[in-house]
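The values are calculated or read from the model by the stated rules, or taken from the named source; none is laboratory data. Here the structure is a predicted model, which is why all the values come from computation and not from measurement. With ideal geometry, Cβ positions are generated from the backbone for all residues, glycine too; neighbour counts draw on all protein chains shown. Each accessible area value is taken on the protein alone, full model and side chains, heavy atoms only, with ligands, DNA and RNA left out. Shrake-Rupley method; radii C 1.70, N 1.55, O 1.52, S 1.80 Å.
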Amino acid sequence: MSKTYFLTPGPAELYFTVEHHIKEALKTHVPSISHRSQTFRDMFAHTDTQLRQLLNVPSNFHIVFLSSATEAWERVIQNLVHTHSYHLVNGSFSRKFYDFAVELGKNAQKYEVEEGEGFDLDSIEVAHENELICVTQNETSTGVSFPLDDLAALRSRYPDALIAVDAVSAVPYPEFDFNTFDTLFFSVQKCFGLPAGLGVWIFNDRCVAKANELKAKGLHIGTYHALPALLSNAKKWETPETPNVLNIYLLGKVAEDMNRRTAQAIRHETNYKAVLTYYHIAQHPDLEVFVKNEKHQSKTVIVANVLSGNAKNLMNKAKEYGFVLGAGYGKNKDSQIRIANFPTHSKETFEKLVEVLAL
Ligand SMILES: *Cc1c(COP(=O)(O)O)cnc(C)c1O
């Protein structure tokens, strides 16, 4: 069978070393070891070290594990918001983050722009009562990214509010400055190319203080996955529940592989593949780049309008050559394609892809 390239933005193609690491994990009984054993603690510590190096996480930030990014939305709101949160919404994922805040009974405000658009910093007005500002750094449904400079500007404008960053379909691509936000989270089935079922939640001591403050006020901030419970366990390299041990192991191994390659090299390749793809979409008679403002064009999830309105046709043709493209999200299913540009996808894969698209 010839190779199939999954250019879907999650779940995505596995990172190219994952098969090897899964085999090793089975040989060394990783799925059977106790999560209260020293072997597990060493594994957690290894994954923590590798992630800190890859993402440049400073020592005043803590790393804990959840089941998904969807869970992170709930945990972030429960643990960091008493009454008011503010949300930048420009697609389905950022909207769900907002919806969770509403569902949890918070007084959530949103600033919403059209799909395909980013935010003009000057029109963002966060009222004083908002305790948390929620930013989706890479809106996977529309391929719009939030520039890192804007994150820094937001931080300096609103130093008192906590800032949460959903970075699911971006890490490890963005060169984040952790001084520009208080918490960041992601799941592993996108850029890390791992099987789904693990979320990573990174937060600083301001978040710890806030969660403890809410708890002291008698607010319900969750049970086994409340921030203080996750943190006290993580300090012993443990987790409250029996976690996804296999994925924690695999994440450590893949992060180590990525560190060996260096985050900088991954960024360079990602940029090359993105430039190539955006260029060829612009040249294509039946395609058009969806995100018009270059500053907001995602490098890791590239979205194109299919002018004929028949995305299926184009996707089927690509599939004949082994390329599985992502469909448009939600209502854009028939009129758009989404192309994942993740670390596992080689330059050669993308050179071949743009040739196939042009056929
Ligand atoms: C995929 C995605 C999520 C949800 O991730 P799960 O692992 O399915 O919970 C959240 N936010 C963004 C931006 C995403 O791309």
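Given the criterion away from the ligand (no atom under 12 Å from the Cβ) and touching a helix residue (DSSP H, G or I) at 6+ places or on another chain (Cβ under 8 Å), identify the matching residue among 226, 216.
226
Among the residues of the stretch 174-197, which ones are within 13 Å of residue 57 (Cα to Cα), in a loop (DSSP other than H, G, I, E, B) and open to solvent by less than 10 Å² (accessible area, probe 1.4 Å)? Working first, answer last.
Residues of the stretch 174-197 within 13 Å of residue 57 (Cα to Cα): 174-185.
Now drop any that are not in a loop (DSSP other than H, G, I, E, B), which leaves 174-177, 181-182.
If the condition is that a residue be within 13 Å of residue 57 (Cα to Cα), in a loop (DSSP other than H, G, I, E, B) and open to solvent by less than 10 Å² (accessible area, probe 1.4 Å), then 181, 182 are the ones that fit.
If you check 208, 200, which single one turns out to be assigned to a strand (DSSP E or B) and modelled with pLDDT of 95 or more?
Result of the check over 208, 200: 200.
Condition (residue is more than 16 Å from the ligand (Cβ to nearest atom) and farther than 16 Å from residue 76 by Cβ) applied to the stretch 195-207: is it met by at least one residue?
Within the stretch 195-207 (the criterion being more than 16 Å from the ligand (Cβ to nearest atom) and farther than 16 Å from residue 76 by Cβ), the answer is no, since none of the residues qualifies.
Between 110, 190, which is without any contact (Cβ under 8 Å) to a residue 60 or more places away in the chain, touching a strand residue (DSSP E or B) at 6+ places or on another chain (Cβ under 8 Å) and on the phi < 0 side of the Ramachandran plot?
110
Filter the stretch 1-54 down to the residues that are in a strand (DSSP E or B) and within 16 Å of the ligand (Cβ to nearest atom), then identify the one that is farthest from the chain's Cα centre (by Cα).
Among them, the one singled out is 6.
If you check residue 129 against the conditions, is it open to solvent by 50 Å² or more (accessible area, probe 1.4 Å) and free of Cβ contacts under 8 Å to residues at least 40 places away in the same chain?
Numbers: open to solvent by 50 Å² or more (accessible area, probe 1.4 Å): yes; free of Cβ contacts under 8 Å to residues at least 40 places away in the same chain: no.
Considered against the rule, which asks whether it is open to solvent by 50 Å² or more (accessible area, probe 1.4 Å) and free of Cβ contacts under 8 Å to residues at least 40 places away in the same chain, residue 129 comes out as no.
Please go through the stretch 241-260 and give me each residue that is over 19 Å from the mean Cα position of the chain (by Cα), within 23 Å of residue 228 (Cα to Cα) and open to solvent by 40 Å² or more (accessible area, probe 1.4 Å), ordered by number.
Hits for the stretch 241-260 are 241, 242.
Given the options 50, 38, name the one that is polar (S, T, N, Q) and buried (at least 17 other Cβ atoms within 10 Å of the Cβ).
Answer to the check: 50.
For residues that are more than 15 Å from the ligand (Cβ to nearest atom) and in contact (Cβ under 8 Å) with a residue 60 or more places away in the chain, tally how many sit in the stretch 155-175.
Residues that pass the stated criteria total 3.
For residues in the stretch 266-321 being basic (Lys, Arg) and in contact (Cβ under 8 Å) with a residue 12 or more places away in the chain, which is farthest from residue 140 (Cα to Cα)?
317
Determine whether the stretch 98-107 contains at least one residue that is open to solvent by 20 Å² or more (accessible area, probe 1.4 Å), touching a His at 6+ places or on another chain (Cβ under 6 Å) and more than 16 Å from the ligand (Cβ to nearest atom).
Among the residues of the stretch 98-107, at least one is open to solvent by 20 Å² or more (accessible area, probe 1.4 Å), touching a His at 6+ places or on another chain (Cβ under 6 Å) and more than 16 Å from the ligand (Cβ to nearest atom), which makes the answer yes.
Would you be able to say whether some residue in the stretch 109-125 is β-branched (Val, Ile, Thr) and touching a His at 6+ places or on another chain (Cβ under 9 Å)?
Looking for residues that are β-branched (Val, Ile, Thr) and touching a His at 6+ places or on another chain (Cβ under 9 Å), one finds none in the stretch 109-125, hence no.
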